[in-house]
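Taking it in order: structure first as structure tokens, then the write-up.
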Amino acid sequence: MDILEIRTYPDIFLSQPTRPIENIDDNIQNLIENMGTTMYQAPGVGLAAIQVGVDKSLLVYDVSPRDGERCLQVLINPRIISSEGSIISEDEGCLSVPDFRSDVKRAASIIVEGYDRNEKLLRIEAEGFLAVVLQHEIDHLNGILFIDRISSLKRGIYKKRILKNLKKS
Ligand code: ZN
């Protein structure tokens, strides 16, 4: 199993929408394994394929406690079919947006449909932290980063910092 390179802002690859997966073949199964390895190693609680350079509608996540048993969850071609209420996810972060966290307004509860790696149709009713993780990862599949959902003032501060660092290196 390989650790994949995680693309980071301002890589424009991250801002494009992904394509649905038509065939869950060996390549996809391999990609899922490698994405899991990469996510745990980072460490993170979620990872979308676009973050490792694959423009396909696939994400992995694991919200089980860090010191508990790992349980990799896979969602293929997920769609949010309903959302309700709103919460502020505190200090949201992203492996593709290093060294920055912000509060983000998210739906409080959502229903997601998608497929698991065995082509079984899943319907997930999520609230709280899981709802936030799924909204964050599904955003990735639509080319949206969490910094696209914060005030332009806050985003501007981060962009400036990133550009300064890029010039230095
Ligand atoms: Zn992210």
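For the stretch 123-131, 3J(HN,Hα) computed residue by residue from phi via the Karplus equation (6.51, -1.76, 1.60; θ = phi - 60°) reads 10, 10, 9, 10, 9, x, 4, 4, 4 Hz, glycine and proline entered as x. Database remark: amide H of ASP103 closer than 5 angstrom to the amide H of ASP91, GLU92 (H placed geometrically; neighbours at sequence offset of 5 or more, or on other chains; Pro and chain starts carry no H). Full extension of the chain segment joining GLU125 with GLU69 gains 18.0 nm, where the gain is 0.36 nm per residue of separation less the Cα-Cα distance. Across the stretch 94-99, computed HN-Hα scalar couplings (Karplus, 6.51 cos²θ - 1.76 cosθ + 1.60, θ = phi - 60°) run 7, 4, 8, 10, x, 6 Hz from first to last residue, x flagging Gly and Pro.
For the chain, compute the orientation-averaged projected area of the C-alpha convex hull (one quarter of its surface), in nm².
Numbers: hull surface 40.6 nm².
Mean projected area for the chain: 10.1 nm², to one decimal.
Largest GNM mean-square fluctuation across ASP11, ASP103, ASP55, computed for the chain with C-alpha springs under 10 Å, falls on ASP11. Per residue, the accessible area of the stretch 78-133 comes to 59 Å², computed with a 1.4 Å probe over protein heavy atoms only.
Considering lysine pairs in the chain that are 8 or more places apart or on different chains, how many have Cα atoms under 24 Å apart? So the count works out to 10.
Taking 0.36 nm per residue of separation and subtracting the Cα-Cα distance, what length does fully extending SER82 through LYS159 add?
Working: separation 77, 0.36 × 77 = 27.72 nm, distance 3.22 nm.
So the extension gain works out to 24.5 nm.
Each other residue within a Cβ distance under 9 Å of SER86 adds +1 if Lys or Arg and -1 if Asp or Glu, for a net charge of +1.
Full extension of the chain between ALA108 and THR8 yields a length gain of 33.3 nm, computed as 0.36 nm times the residue separation minus the alpha carbon distance. Using a probe of 1.4 Å on the protein chains alone, the accessible area found for GLU113 is around 50 Å².
Ordered from largest to smallest accessible area (heavy atoms of protein chains, 1.4 Å probe), the residues ARG123, ARG106 come out as ARG123, ARG106. Over all other residues within a Cβ to Cβ distance under 10 Å of ILE24, the charged ones net out to -4, with Lys and Arg as +1 and Asp and Glu as -1.
In whole percent, and with a 1.4 Å probe on the protein chains, what portion of the accessible area of the stretch 1-115 is carbon and sulfur? Present the calculation step by step, with values, prior to reporting the outcome.
Numbers: 2730 of 6190 Å².
Looking at the stretch 1-115 in its full context, I get 44 percent from C and S.
Here the Karplus curve 6.51 cos²θ - 1.76 cosθ + 1.60, taken at θ = phi - 60°, turns the phi angles of the stretch 163-169 into couplings of 5, 4, 5, 5, 5, 5, 8 Hz, with x standing for Gly and Pro. By a 1.4 Å probe calculation restricted to protein chains, ASP91 has an accessible surface near 90 Å², given to the nearest 10.
VAL132: net charge of surrounding residues, Cβ under 9 Å, Lys/Arg +1, Asp/Glu -1, itself excluded? Mind showing how you got there, number by number?
Values: positive: ARG106; negative: GLU92.
After counting each charged neighbour, the total is 0.
Taking the Cα centre of the chain as origin, sum charge times position over the Cβ atoms of Lys and Arg (+1) and Asp and Glu (-1), and report the length of that vector in debye to the nearest 20.
Values: 21 positive and 25 negative charges, 219 e Å.
Around 1060 debye, computed over the chain.
The values are calculated or read from the model by the stated rules, or taken from the named source; none is laboratory data. Small disclaimer: the values here were computed from a predicted structure and weren't measured. When we count neighbours, we look across all protein chains shown, and the Cβ atoms used for this are built from the backbone with ideal geometry, even at glycine. Just so you know, the surface numbers come from the protein's heavy atoms only, side chains and all, with ligands and any DNA or RNA stripped out. Shrake-Rupley method; radii C 1.70, N 1.55, O 1.52, S 1.80 Å.
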